Amino acid sequence: MNFGLVTAAFLAASGTAWATTIAVPSDQPTIQAGIDTAASGDTVEVGPGTWAGWINFRGKDIVVQSTDGPEHTMIRGGTAPSAVAIFSGETESAVLSGFTIIGSGGGTIHEGVASGAGLFILNSSPTIENCIIRDCTAMMGGGVSIWEGNPVLRDVIIRDNWASIDGGGMRIHHYSYPVLEGCEFLNNGAEVYGGALAYGNDSDGIHTSCIFDGNTAGIRGGGISKTCDCSDARISGSTLCNNFPDHVLGTWDDLGDNTICAICSNDVTADGVIDVDDILAIIGAWGGCVCVEDINGDSTVAVDDLLAVLGSYGPCP
């Protein structure tokens, strides 16, 4: 019996094929050409250099990885809305590993919002590891935007990104449940909420061994913004330092082993002391407001905000 023919017939009948590795640029000239050629289970291996976005996984559970790491391998989005877009139901078996990602196209428009100039994820749950996402700008989620997805981000550095509204580094939108392990949010900024990271409605995130440092928000939530109790941020083994004007806006689950640097988050006037001037600022902004005086982030300056100031009265630490 010819076992080779039997095996080939079995594989053809079952729809199964041997996984292959496609080398870029020796086998295919670009990353996208390698993806287009690949089938689920394959690996696209990318050599060093600067490669053009828009990278689209096209629903394939494949591994796209660099040979020389993010310091030597860059995906630059150029005028594309997002440098990398994963939006066709990919699972955790779709892996992007070892790239620096820069997006300058302003983000992909979804539900009227331009988001995720670096990485845009919609209805998908890929694995992103050992990447750097930097120098991206969008309305929301300057660096990364996650809509209705459950991705895993592992050892990803998200730095120097900006949002004109919320989520300078990342915006987690409706019904998303990401896992972030060993990620670093550094020097990101947002005009309104969530310099590093902003939560949208009905989303839960797990943050393990992450660093939030040097991020800034124009109103509140320099590190993390979570303005709705319908979402949850679960944080363990992480460090939050040097975020302005505060580390976290809203409630969050402290799962232990976190390092929280001292900060004067209720110093409304930013003069180094919580005193009568801050009380007067609260009273002056009384009512509906998206402003720094809204200490608890519920879009209303009211008794709870006044009590927060009175409870921390005195010099800043």
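The values are calculated or read from the model by the stated rules, or taken from the named source; none is laboratory data. Just so it is clear, the model here is predicted, and its values are computed rather than measured. Cβ coordinates were reconstructed from backbone atoms using ideal geometry, including for glycine residues, and neighbour counts include every protein chain displayed.
Observations
- Residues of the range 170-184 satisfying the condition of being closer than 16 Å to Thr100 by Cβ and assigned to a strand (DSSP E or B): Glu184
- Cβ-Cβ under 6 Å pairs, at least 6 apart or on other chains, the range 121-148 side closer than 22 Å to Arg58 by Cβ, far side acidic (Asp, Glu): Asn123/Glu148; Ser124/Glu90; Ser125/Glu92; Pro126/Glu90; Thr127/Glu92; Glu129/Asp155
- Residue count for the range 250-284 satisfying the condition of being among the hydrophobic types (A, V, I, L, M, F, W, C) and outside any helix (DSSP H, G or I): 11.
- Residue count for the range 201-248, restricted to those that are in a strand (DSSP E or B), in contact with a Ser or Thr (Cβ under 9 Å, 6 or more places away or on another chain) and under 21 Å from Pro151 (Cα atoms): 12.
- Residues located in the range 98-133, provided they are charged (D, E, K, R) and over 22 Å from Thr50 (Cα atoms): Glu111
- Residues satisfying the stated conditions in the range 75-103, i.e. more than 14 Å from Leu153 (Cα to Cα) and surrounded by fewer than 19 Cβ atoms within 10 Å (Cβ to Cβ): Arg76, Gly78, Thr79, Ser88, Gly89
- Given (1) among the hydrophobic types (A, V, I, L, M, F, W, C); (2) in the same structural domain as Gly182 (by TED's automatic domain parsing); (3) closer than 18 Å to Pro317 by Cβ, number of the condition Trp252 does not satisfy: (3)
- Scope the range 247-273; condition closer than 21 Å to Asp298 by Cβ and touching a strand residue (DSSP E or B) at 6+ places or on another chain (Cβ under 6 Å); matching residues: His247, Val248, Leu249, Trp252, Asp253, Asn266, Asp267
- Residue among Gly214, Gly223 that alone is crowded, with 21+ Cβ neighbours inside 10 Å, small (Gly, Ala, Ser), under 22 Å from Ser164 (Cβ atoms) and under 17 Å from the mean Cα position of the chain (by Cα): Gly223
- The condition of being in contact (Cβ under 8 Å) with a residue 12 or more places away in the chain and closer than 23 Å to Arg134 by Cβ holds for only one of Gly256, Gly237, Gly194, Gly250, that being Gly194.
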